[in-house]
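> The structure that follows is given in the form of structure tokens.
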Amino acid sequence: MAEYTIKTPIEYLKGVGTQRAELLKKELGVFTLGDLLHYYPFRYIDRTKIFKIRDLTAEMPAVQVIGMLKKLEIFGEKKSRRLVGQFTDDTASIELVWFQGVRWLEEHLKVNTVYLLFGKPNFFNNQLSITHPELEVYDRSANSTGNIHLQPVYGSTEKLKRLSLDTKGIQRLQASTFELLYPTLTDDLPEYLRVKYGLISLPEALKGIHFPTDKVSLELSRTRLKFNELFFIQLKLLRTKFVNSRRFEGLKFVKVGQKFNDFFLTKLPFPLTNAQKRVIREIRVDTNTGAQMNRLLQGDVGSGKTIVALMSMLLAVDNGYQACLMAPTEILARQHYQGLKGLTGEGFVQLSILTGSTPKRERKHIHAALENGSLHLLVGTHALIEDVVKFKNLGLVVIDEQHRFGVEQRSKLWKKNSIPPHMLVMTATPIPRTLAMTMYGDLDVSVIDELPAGRKPIKTLHMTESSRLRMFGFMRYEIAKGRQVYVVYPLIKESEKLDLLYLEAGIEHLAREFPLPEYRISVVHGKMKPKDKDFEMQRFVKGETQILVATTVIEVGVNVPNASVMIIENAERFGLSQLHQLRGRVGRGAEQSFCILMSGNKISKQSRQRLETMVRTNDGFEIAEADLELRGPGDLSGTQQSGLLELKLADLITDQLLLQQVREGIIRIFTDDPELARPENALLKAYLMHQQPGISWDKIS
Ligand code: ADP
Ligand code: MG
């Protein structure tokens with residue numbers, strides 16, 4: 001018989017097979033037995049409690065009752081055929097009903113026998129009953145709670161359920177996996193750390209989370225697994241940081257040269273804010289130390305990060321190096337390219353753009369110019385990372401909107417030069433401290449905490465469906481003044497089809513309200529070809545259309561100063577940070593700008609609270625904190641694009657203390673044993689060495 005390990009593909013598990021395996025991979029991301037073990041229940045049904053029939057109500061979730069099956073009778077014909085039983089304890093009786101498996105049940109259930117029942121009480125025909133309860137013969141002589149415990153509930157999907165992989169089915173797979181693997185499971189944390197933090201072993205914890213015997217052991221298991229999640233993310237991040245801070249050799253930008261000065265003196269279209277000046281100075285100092293810079297630049301939407309990026313790139317050019325700027329989407333890359341060209345003017349520096357849609361010939365040309373050094377600045381999408389893209393001497397990499405890229409992508413760019421280039425990572429999503437620690441634990445941080453002077457704060461309103469006509473009236477009023485308007489629809493993956501329908505209906509409605517020739521509308525959504533997207537976008541940018549209907553593709557970076565109204569449809573479906581990003585598309589010119597959050601008339605209290613936060617404040621950091629608090633850990637998975645936030649159990653709010661402890665612990669480890677050369681750290685070293693790059697391109701939009 002084959003040896004089973006955590007790496008064994010899931011299809012080899014008994015009871016799985018190819019068809020189920022396909023779905024487990026697709027729907028749950030479970031590829032191996034090990035993955036399955038790390039597919040945790042999302043809640044538990046407390047099977048330690050036994051209820052009395054007298055106390056049951058229809059409001060209760062599934063409950064347990066011990067009682068005697070008194071009568072068992074079949075009623076009805078064909079479709080209405082059902083098995084009805086009478087179940088009695090010392091307090092009362094309740095009816096049990098089964099519609100399926102009637103014959104089998106009738107044969108196998110025994111009247112006048114004591115059962116442990118598990119099921120949900122329902123009110124039906126004015127009577128309390130339980131439909132399709134589970135019954136198992138209750139063994140009095142066994143330990144009174146011997147066959148009772150916390151029953152795990154696993155997330156499943158319709159497709160999986162059709163192949164009988166519902167929560168029960170998954171539980172069965174867990175059980176057989178445990179049977180195969182339990183004796184071979186080993187710990188991945190050194191013993192001394194387990195002792196230090198009072199943690200149970202990994203095998204115990206896995207067992208405890210899938211087959212908890214009681215609440216205490218479940219809690220110990222969860223703590224251990226949470227610890228693991230936080231620990232290994234931080235281990236990776238802090239390793240990088242330690243490697244860097246141990247003076248990783250870096251390029252030295254010794255001078256501020258002609259390009260930088262020329263730009264500053266003759267081309268800069270506005271005075272820099274103090275915050276911009278400070279950050280440029282920080283970068284200037286950082287790139288002149290001989291160590292590699294790894295800096296995160298945080299600045300709210302519209303705070304003027306682009307100019308900081310450009311001036312940093314000019315610094316690189318002045319010192320004889322090339323620089324590149326990477327953006328997460330084609331649209332954004334183009335916009336940066338146009339923007340930089342506009343700022344620098346013709347012939348000031350050699351500048352190109354490289355994206356997935358760059359024609360082959362041009363691509364070749366760019367590759368050659370990069371290698372011979374005649375091209376100074378390159379803007380692009382993740383196409384920049386490809387191995388065929390080689391630089392003569394890459395000195396600085398700027399990454400915009402970092403949350404869309406992971407550490408792995410960054411490290412690929414590191415390797416584009418024999419001495420790693422300086423890295424400047426820019427994000428417009430202000431991040432709460434805990435999140436920043438988790439996502440960017442390896443970076444130094446600069447903050448632009450000041451908006452350019454003269455900006456009028458955006459006015460935000462929350463409107464419901466019943467004010468739609470008023471909203472259209474307001475749009476007309478603003479358009480009559482020469483302004484342009486964004487209308488944004490949610491397009492969220494799971495319900496894509498529905499959302500597309502909704503988008504189309506919305507466009508039709510707008511077309512009726514804003515007819516040609518007086519009004520013109522651009523439409524941009526993620527399903528369009530980049531070329532078409534670009535075309536539509538450009539019409540809006542040039543002012544040829546007054547309304548841009550879009551899905552969240554415009555979320556990042558688009559800059560049209562004349563657009564002063566942002567309307568967000570179904571605003572309650574967006575995360576706060578996303579709303580804030582979208583709102584940041586307006587308020588870029590001198591005009592008073594508006595953001596209107598449209599929602600249904602009836603929304604949950606929580607949604608209302610969220611929208612109120614948006615109305616109340618323009619401060620990105622405040623919003624980020626609120627987002628984290630309001631959405632809680634579950635929904636935070638929405639921000640998992642980074643691939644770093646794959647926290648299943650840990651909660652960045654309630655586990656802040658644990659995160660802090662983990663971080664301090666790891667810093668101590670690296671301080672005492674930077675190479676992880678000591679035997680007691682062998683497991684950690686092995687982990688870091690076996691880290692696969694694991695880049696998932698589909699996570700980058
Ligand atoms: P973000 O930080 O969101 O990337 P941008 O760099 O796109 O912001 O800048 C937003 C807008 O503000 C642009 O139109 C830009 O030209 C303008 N801007 C940037 N810095 C200043 C400044 N110091 N004074 C006035 N306008 C500025
Ligand atoms: Mg930007």
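> Which condition breaks for E544 when tested against (1) touching a residue at least 24 places away in the same chain (Cβ under 8 Å); (2) surrounded by 16 or more Cβ atoms within 10 Å (Cβ to Cβ)?
Result: E544 passes all but (2).
> Considering the stretch 370-384 alone, what residues qualify as being aliphatic (A, V, I, L, M) and either crowded, with 22+ Cβ neighbours inside 10 Å or not assigned by TED's automatic domain parsing to the domain that holds W414 (or both)?
If the condition is that a residue be aliphatic (A, V, I, L, M) and either crowded, with 22+ Cβ neighbours inside 10 Å or not assigned by TED's automatic domain parsing to the domain that holds W414 (or both), then L370, L375, L377, L378, V379, L384 are the ones that fit.
> Same structure, new question: If we only count strands (runs of 3 or more DSSP E) wholly inside the stretch 69-164, which ones have 2 or more residues that are surrounded by fewer than 17 Cβ atoms within 10 Å (Cβ to Cβ) and either of a type in the set (V, I, T) or touching a Gly at 6+ places or on another chain (Cβ under 9 Å) (or both)? Spell out the reasoning first.
Working: elements: 82-88, 93-98, 113-119, 121-124, 127-131, 134-137, 150-153.
Counting at least 2 such residues, we get 82-88, 93-98, 113-119, 134-137.
> Can you tell me which residue among S604, S593 is among the polar types (S, T, N, Q) and within 14 Å of ligand 1 (Cβ to nearest atom)?
Working: S604 fails: within 14 Å of ligand 1 (Cβ to nearest atom).
Exactly one of S604, S593 is among the polar types (S, T, N, Q) and within 14 Å of ligand 1 (Cβ to nearest atom), namely S593.
> Sticking with this one: So in the stretch 265-282, with the set limited to residues that are within 15 Å of ligand 1 (Cβ to nearest atom) and among the β-branched types (V, I, T), which one is nearest to the chain's Cα centre (by Cα)?
Only one residue fits best here, namely V279.
> Can you spot a residue in the stretch 677-685 that is modelled with pLDDT under 90 and farther than 30 Å from A327 by Cβ?
The answer is no; no qualifying residue exists.
> Looking only at the stretch 236-250, which residues are within 26 Å of the chain's Cα centre (by Cα) and at pLDDT 80 or above? Break it down into steps so the answer makes sense when it comes.
Our first condition is that a residue be within 26 Å of the chain's Cα centre (by Cα); within the stretch 236-250, this holds for 236-241.
Hits for the stretch 236-250 are K236, L238, R239.
> Still on this structure, please answer the following. Return only the number of the condition from (1) within 20 Å of H38 (Cβ to Cβ); (2) touching a Lys or Arg at 6+ places or on another chain (Cβ under 8 Å) that P212 does not satisfy.
Single failed check for P212: (2).
> From the set of residues in the stretch 577-595 that are buried (at least 16 other Cβ atoms within 10 Å of the Cβ) and over 23 Å from I331 (Cβ atoms), which is modelled with the lowest pLDDT?
Once the filter is applied, the top-ranked residue is E591.
> Checking V485 against (1) out of contact with any helix residue (DSSP H, G or I) (no Cβ under 9 Å at 6 or more places or on another chain); (2) away from ligand 1 (no atom under 16 Å from the Cβ), which test does it fail?
Of (1) out of contact with any helix residue (DSSP H, G or I) (no Cβ under 9 Å at 6 or more places or on another chain); (2) away from ligand 1 (no atom under 16 Å from the Cβ), only one is false for V485: (1).
> Oh, and also: Which numbered condition in (1) closer than 30 Å to F51 by Cα; (2) within 24 Å of the chain's Cα centre (by Cα) is the only one that I233 fails?
(1)
> Pick from the stretch 265-277 the residues that are among the hydrophobic types (A, V, I, L, M, F, W, C) and free of Cβ contacts under 8 Å to residues at least 40 places away in the same chain: which of them is surrounded by the most Cβ atoms within 10 Å (Cβ to Cβ)? Give the steps one after another, and end with the answer.
Applying the first criterion (among the hydrophobic types (A, V, I, L, M, F, W, C)) to the stretch 265-277 yields 265, 268, 270, 272, 275.
Applying the additional criterion that residues be free of Cβ contacts under 8 Å to residues at least 40 places away in the same chain yields 265, 268, 272.
Working: L265: 8, L268: 14, L272: 17.
Out of the qualifying residues, it is L272.
> Next question, about the same structure. Looking only at the stretch 278-293, count every residue that is part of a loop (DSSP other than H, G, I, E, B) and surrounded by fewer than 20 Cβ atoms within 10 Å (Cβ to Cβ) and tell me the total. Explain how you work it out, then say what you get.
Start the filter on the stretch 278-293 by keeping residues that are part of a loop (DSSP other than H, G, I, E, B), which leaves 287-290, 292-293.
Next, from what is left, pick out any that are surrounded by fewer than 20 Cβ atoms within 10 Å (Cβ to Cβ): 288-290.
Qualifying residue count, the stretch 278-293: 3.
> Follow-up question, since we're still on this one. Scanning for something under 23 Å from G169 (Cα atoms), charged (D, E, K, R) and free of Cβ contacts under 8 Å to residues at least 40 places away in the same chain, does the stretch 12-19 turn up at least one residue?
no
> Another question about this same structure. Give me the strands (runs of 3 or more DSSP E) completely within the stretch 294-378, filtered to those with at least 2 residues that are touching an Asp or Glu at 6+ places or on another chain (Cβ under 8 Å) and either away from ligand 1 (no atom under 14 Å from the Cβ) or touching a residue at least 12 places away in the same chain (Cβ under 8 Å) (or both), ordered by residue number.
Working: elements: 294-299, 322-326, 351-354.
Strands (runs of 3 or more DSSP E) meeting the threshold: 294-299, 322-326.
> Taking the stretch 262-309 only, how many residues are within 14 Å of ligand 2 (Cβ to nearest atom) and on the phi > 0 side of the Ramachandran plot?
Count: 2.
The values are calculated or read from the model by the stated rules, or taken from the named source; none is laboratory data. This structure is a prediction, so every number in the text was calculated from the model and none was measured. So basically every Cβ, Gly included, is an ideal-geometry build from the backbone, and we count neighbours across all protein chains shown.
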